[in-house]
Amino acid sequence: MVFQTRSAGLTAGAAATASALLLSACGGSPDSGRDAGGKGGQDLLLVSYAVTKGAYERILPAFKADWKAKTGQDISIRTSYGGSGTQTRAVIDGLEADVVTLALGADVLKLQQAGLIQPGWEKELPRGSIITHSAVALIPRSGNPKGINTWSDLNKAGVTVVTANPKTSGGARWNVLGLWGSISQNGGTAQQAETYVASVYKNVDNLPKDAREASDVFLKRGQGDVLLNYENEAILATKTGDLKAPFIVPELNIRIEGPVAVVDRTVDQRGTRQAAEALAAYLLTPQAQQIFAEEGFRPTDPGVWSNVQSRFSPVRRWFSVADFGGWAKVNQDFFGDGGIWDRLFATTR
């Protein structure tokens, strides 16, 4: 597969400038840019994971206004939400995303391996193309009757845990790594970590397809004693009133990283590269980062973070996917066919 050369080191300002300067390249032929109502208007598809919907309902109108002001061009942005693993498979199977914001770099890596995204996508934008951070939260029932206060309480007898399915949900994969790291990052061996994670999953009755469904199972259907989910989901549930009890963010936690990437094959076929790159870059601007923060995500912009960090639970010590050898190794060792998750699932079901 031969792709057009991607612009290197794209920043939010550079993306907007490039969009304006190369406007004529975006809307020439009838196919080009998927015309959104004449005058060279653009039509993009953003594919994301389930829990980002609220943030994008606020960010995308702001981007469209910014694009219009800088280029004079109208832009239409369609969206698709679901479990990150499910969304990744849909894009590989033909869903023509221009931009993806998935739950973890592992899923972008799958798109790269499928020939849809060029290698080096993570270097195209500041901060490794990571637009949000989060942490794993433990969400107990009101009054915390089972005494859930930290990782080590999740495998106690009589505790029912709710967490999504790692085969379809990016958030669930972060949960697995968080559980594993709670042992391995405290000096435990791989065998001790596997034994512990297996004991937690013996307390899991069912595996919802994504993080949002896991929240619904726990908060709206009343199933389980404790929910493992994104911190941002716990913050959202507190804001909406669905969660009235305090939640716990363990002080040893995994830094959840949400990436953005332009889908090279789609944008080069459709002539939407400049608009897609501008959207991707906009997600790292202070304006978008502030909205992410208001929706419960930890912003990656240092200036925005300094203004909002008091809203979030302190984490004493972070670990990251790099501590597991990176996403290529994690994909193979943990979630590949016959990997750690398959072993755990076989022994706990």
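The values are calculated or read from the model by the stated rules, or taken from the named source; none is laboratory data. Computed from a predicted model, the values in this text were never measured in an experiment. Ideal geometry is used to build each Cβ from the backbone, glycine not excepted, and the neighbour counts take in all protein chains shown.
Brief remarks follow.
- A count restricted to the range 269-304 and to residues that are closer than 14 Å to N232 by Cβ and either of a type outside the set (G, A, S) or over 20 Å from the mean Cα position of the chain (by Cα) (or both) stands at 9.
Every residue, every condition in (1) assigned to a helix (DSSP H, G or I); (2) over 15 Å from the mean Cα position of the chain (by Cα), yes or no:
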site: F63; (1), (2): yes, yes
site: T79; (1), (2): no, no
site: T86; (1), (2): yes, no
site: D107; (1), (2): yes, no
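- Among the residues making up the range 201-217, those that are over 18 Å from V159 (Cα atoms) and assigned to a loop (DSSP other than H, G, I, E, B) are K209, D210.
- Meets criteria (in contact with a Ser or Thr (Cβ under 8 Å, 6 or more places away or on another chain), surrounded by 23 or more Cβ atoms within 10 Å (Cβ to Cβ) and under 21 Å from I75 (Cβ atoms)) for V260: yes
- Within the range 170-190, being under 13 Å from I340 (Cβ atoms) and among the aromatic types (F, W, Y) holds for one residue alone: W180.
- Residue within the range 145-159 that is part of a helix (DSSP H, G or I), surrounded by 15 or more Cβ atoms within 10 Å (Cβ to Cβ) and modelled with pLDDT of 95 or more present: yes
- Residue satisfying all of: in the range 183-203; more than 18 Å from A172 (Cβ to Cβ) and among the small types (G, A, S); nearest to the chain's Cα centre (by Cα) among these: S184
- Filter result for D268 (surrounded by fewer than 21 Cβ atoms within 10 Å (Cβ to Cβ), farther than 20 Å from A214 by Cβ and in contact (Cβ under 8 Å) with a residue 24 or more places away in the chain): yes
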